[in-house]
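Notes to accompany the following structure.
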Number of protein chains: 2
Amino acid sequence: MTTPGRGLHGHVLETLGPAITAGEYPPGSVLRTDELAQRFDVSRSVMREAVRVLESMHLVESRRRVGVTVRPKSEWNVYDPQVIRWRLAGADRPHQLRSLTVLRSAIEPAAAALAAKNATAEQCAELTECALGMVAHSRGHQLAGYLVHDVAFHRAILNASGNEMFARLGDVVAEVLAGRTHHEVMFEDPDPAAVTLHVQVAEAVRAGDAARAEHLTREITVGALQELDILAP
Amino acid sequence: MTTPGRGLHGHVLETLGPAITAGEYPPGSVLRTDELAQRFDVSRSVMREAVRVLESMHLVESRRRVGVTVRPKSEWNVYDPQVIRWRLAGADRPHQLRSLTVLRSAIEPAAAALAAKNATAEQCAELTECALGMVAHSRGHQLAGYLVHDVAFHRAILNASGNEMFARLGDVVAEVLAGRTHHEVMFEDPDPAAVTLHVQVAEAVRAGDAARAEHLTREITVGALQELDILAP
DNA sequence: CGGTCTCAAAAAGTCAGACTTATTCATCAC
DNA sequence: GTGATGAATAAGTCTGACTTTTTGAGACCG
């Protein structure tokens, strides 16, 4: 999506990465660079570069005389956007979507509170614009347009928080929102109450009301959790 | 610390990575693979592998005919443990420590709430053990021993949450706690109130009281924020 | 003068092959 | 059984030649 398979080494990654994250090679499996190079019909140098990248993601470990062994899931760099994309495209997509939604629920209210304190005038304006865009596309099967503004809204909140760790979760949130709209629920127009909440969050941030912004955002994320039946009602 | 410079390519990374994350090469700077290979006295293959890893961290972008260009900070994979380690070791350590502490404050209370619901008997036992270990080392300049149990405690909470995204922040929290104890504040025994809070969190998790576990953990993280003068009192 | 077209240079990308080194495992001596 | 020895193995490294893409400059028109 964002990163097409650039170069031969990229193409290899695009195949091996999803295979590993999908669990096709169970933890402890041993691969040999030469064999892989043959299988993908690339030179050893290219294959080595691909393995190095997988190693930097902690998906595999390369050791002399033994080979390239697949690491257990618990050691993967699950925050790597590439890894997230691979997993979202694979078998444990539902599980991954749940994990990420729980993460969102922890992060976004805190980000909104910070945004209320730190947002610049421009950021407040953008936020309001996004919220209005959501309202404008909330009726009559304009889900695509709605999604664009929804994603932009949440990205804006994360950016306005002023915390780089929060800001960098914008892509993750975007994937989750896109995934939800495309494949899961949401066949009809979005919940009007949710739309209203977004508008109110924008207002609270503009007003500098951190507590209110946090609380309203929490209501939004609670809704997201409920959609996935994560929250006990 | 966790990853010593394994192999030539690792050694190159250990030098280039910190240099880039420290801002020695401003965004847009252009490096050439051949020149770097000469500078580090390694072959092009080794250098290429190192560049590939930096590329997978989104620290640089490699393009034909132009070279290896350094990307702006806003695009870095700031959740990569390696990147975090490099930045913590460099000039913007204070800034990084603040970002991460804010992140902790958002995550840990949520993790504690989940832990209260999901923790197994073993995990509860471990939690209690860690808390007691903290108590045992809380007086008489046993900061090292205290830290070990403190780190283990927070790791246990994150693991017990049952959410893999939370669990994988254990290393980050460990670095933050270690950093705080080693270089910043904390020349004397830890705050007794904080120690008590940890014990109470363990109790709340054991009792399955999510709201209480969350609230108590928030008090702990608020303390961490105050230590860094992030929170307005 | 402005726009496009062509071409050559530059740097990454790719490949093949030879060589080095660390690690493991099996064998053997004690 | 324990420890030393050595051979096999697969990753690690280096080198040099070649390919491919991109860009920037200069030529060639409109």
Requested in this report: Could you check, for segment A:9-25, whether at least one of its residues is at pLDDT 95 or above, within 13 Å of DNA strand D (Cβ to nearest atom) and surrounded by fewer than 21 Cβ atoms within 10 Å (Cβ to Cβ)?
Outcome: yes
Query - Of the criteria (1) within 8 Å of chain A (Cβ to nearest Cβ); (2) surrounded by fewer than 19 Cβ atoms within 10 Å (Cβ to Cβ), which one B:H95 fails - result: (1)
**Report entry** Selection within segment A:5-50 - within 11 Å of another protein chain (Cβ to nearest Cβ) and more than 13 Å from DNA strand C (Cβ to nearest atom)
**Finding:** A:G17
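Could you list, in sequence order, all residues of segment B:156-171 that are at pLDDT 95 or above and within 8 Å of the chain's Cα centre (by Cα)?
First pass over segment B:156-171, keeping only residues at pLDDT 95 or above: B:156-170.
Answer for segment B:156-171, where residues must be at pLDDT 95 or above and within 8 Å of the chain's Cα centre (by Cα): B:L169, B:G170.
Tell me whether segment B:36-53 contains one or more residues that are in the same structural domain as B:V12 (by TED's automatic domain parsing), under 23 Å from A:A167 (Cβ atoms) and more than 11 Å from DNA strand D (Cβ to nearest atom).
Of all residues in segment B:36-53, those in the same structural domain as B:V12 (by TED's automatic domain parsing) come to B:36-53.
The next check asks that each one be under 23 Å from A:A167 (Cβ atoms); those that pass are none.
No - not one qualifying residue is present in segment B:36-53.
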Report task. Given the conditions (1) assigned to a helix (DSSP H, G or I); (2) modelled with pLDDT under 95; (3) surrounded by 19 or more Cβ atoms within 10 Å (Cβ to Cβ), report the number of the one that B:A178 does not fulfil. Result -> (3)
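Residues are listed down the side, and each one gets a yes or a no for (1) part of a helix (DSSP H, G or I); (2) closer than 15 Å to A:R87 by Cβ; (3) not β-branched (V, I, T):
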{"position": "A:V12", "(1), (2), (3)": "yes, no, no"}
{"position": "A:P18", "(1), (2), (3)": "yes, yes, yes"}
{"position": "A:A37", "(1), (2), (3)": "yes, no, yes"}
{"position": "A:S45", "(1), (2), (3)": "yes, no, yes"}
{"position": "A:V51", "(1), (2), (3)": "yes, no, no"}
{"position": "A:S62", "(1), (2), (3)": "no, no, yes"}
{"position": "A:R65", "(1), (2), (3)": "no, no, yes"}
{"position": "A:V68", "(1), (2), (3)": "no, no, no"}
Report task. Check segment A:159-181 and report whether any residue there is of a type in the set (F, W, Y) and within 25 Å of A:R87 (Cβ to Cβ). Result -> yes
Query raised in the report: Of the numbered conditions (1) under 12 Å from B:V12 (Cβ atoms); (2) near DNA strand C (Cβ under 10 Å from one of its atoms), B:V68 satisfies every one except a single condition; which is it?
Result: (1)
Report task. Check B:S74 against each of (1) in a helix (DSSP H, G or I); (2) over 15 Å from the mean Cα position of the chain (by Cα); (3) more than 11 Å from every other protein chain (Cβ to nearest Cβ); (4) surrounded by fewer than 21 Cβ atoms within 10 Å (Cβ to Cβ) and name the one condition it does not meet. Result -> (3)
Requested in this report: Output the residues belonging to segment A:77-92 that are within 11 Å of chain B (Cβ to nearest Cβ) and assigned to a helix (DSSP H, G or I).
Outcome: A:P81, A:Q82, A:V83, A:I84, A:R87
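The values are calculated or read from the model by the stated rules, or taken from the named source; none is laboratory data. This one's a predicted model, so the numbers in the text were calculated from it and none came from an experiment. Virtual Cβ from ideal backbone geometry, glycine too; neighbours counted across all protein chains shown.
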